[in-house]
Amino acid sequence: MNRIVRRIKAVWLEFISMKLRWVGHVPSHYYRRFFYRLFGMKIGKGSTLHMWASFYNVSNISIGEDSIIGERVVLDGRDKLKIGNHVDIATDVMIYNAQHDVKDENFCAVSAPVVIEDYVFIGPRAIILPGVTVKKGAVVGAGAVVTKDVEEGVIVGGVPAKQIGQREVKDLNYRLGRAAWFR
């Protein structure tokens, strides 16, 4: 019986994900944000999600104020995903918090929360893996694969991501701007 209930829940989540993928094709930021919130995503004031985003279990995803989520982003909500305020996530970024344990003989799934703190910039096509915290003001370079925590104000790049610089600005207090209506 327990197995049947788990399967029904899984199918329901897949159905919701499919519907939200369709919503992501509507060229109206306000329409998309309404439905994402309706299905349980927490989205702060002034934040925007551009078109064609994909989600896994939106009810575990929280986005702060004045953050921008780019086109074709994948946000994994199979465990907690917390995105802070004034975060800029570029096009094609993938943030995962669940994966298979390749060392386990049964290839079991494992998950761990991901936290993206305030004023972080994540460049195009970067990948953030389960259990990672990207701390305040950090920058993740384009195409980087982040497997470990990124310290405050640090710039990382590469595969796997390594420190390649330090952000010079220490007093971060900028705003990212208004939402593009049809993006």
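Things worth noting here:
- Top-ranked residue in the stretch 162-176 [being without any contact (Cβ under 8 Å) to a residue 60 or more places away in the chain and out of contact with any strand residue (DSSP E or B) (no Cβ under 8 Å at 6 or more places or on another chain); ranked as surrounded by the most Cβ atoms within 10 Å (Cβ to Cβ)]: 169
- Within the stretch 124-161, considering residues that are loosely packed, with under 15 Cβ neighbours inside 10 Å and touching a strand residue (DSSP E or B) at 6+ places or on another chain (Cβ under 8 Å), the one nearest to residue 85 (Cα to Cα): 149
- Residue 110 falls short on exactly one of the conditions (1) crowded, with 19+ Cβ neighbours inside 10 Å; (2) outside any loop (DSSP other than H, G, I, E, B), and that condition is (1).
- The stretch 83-120, residues that are of a type in the set (Gly, Ala, Ser) and over 20 Å from residue 59 (Cα atoms): 90
- Residue within the stretch 153-161 that is over 21 Å from residue 68 (Cα atoms) and free of Cβ contacts under 8 Å to residues at least 12 places away in the same chain present: no
- Only residues that are part of a helix (DSSP H, G or I), within 18 Å of residue 63 (Cβ to Cβ) and either among the acidic types (Asp, Glu) or in contact with a helix residue (DSSP H, G or I) (Cβ under 7 Å, 6 or more places away or on another chain) (or both) were counted across the stretch 1-40, and they come to 5.
- For residue 155, the conditions (1) assigned to a loop (DSSP other than H, G, I, E, B); (2) more than 15 Å from the chain's Cα centre (by Cα) are fulfilled apart from (1).
- In the stretch 44-72, the qualifying residues are those that are in contact with a His (Cβ under 9 Å, 6 or more places away or on another chain) and without any contact (Cβ under 8 Å) to a residue 60 or more places away in the chain, and the one that is surrounded by the fewest Cβ atoms within 10 Å (Cβ to Cβ) is 52.
- Condition met for residue 95 (in contact (Cβ under 8 Å) with a residue 12 or more places away in the chain, touching a strand residue (DSSP E or B) at 6+ places or on another chain (Cβ under 8 Å) and within 18 Å of residue 131 (Cα to Cα)): yes
- Selection within the stretch 20-43: residues that are modelled with pLDDT of 95 or more and among the charged types (D, E, K, R). The member of this set that is surrounded by the fewest Cβ atoms within 10 Å (Cβ to Cβ) is 37.
- When residues of the stretch 87-105 are limited to those that are of a type in the set (Val, Ile, Thr) and in a strand (DSSP E or B), the one nearest to residue 48 (Cα to Cα): 89
- Residue satisfying all of: in the stretch 127-150; under 15 Å from the mean Cα position of the chain (by Cα) and part of a strand (DSSP E or B); farthest from residue 56 (Cα to Cα) among these: 139
The values are calculated or read from the model by the stated rules, or taken from the named source; none is laboratory data. What you see is a predicted model, and the numbers here were worked out from it, not measured in a lab. Don't worry about glycine lacking a Cβ; one is built from the backbone with ideal geometry, like all the others, and counts go over all protein chains shown.
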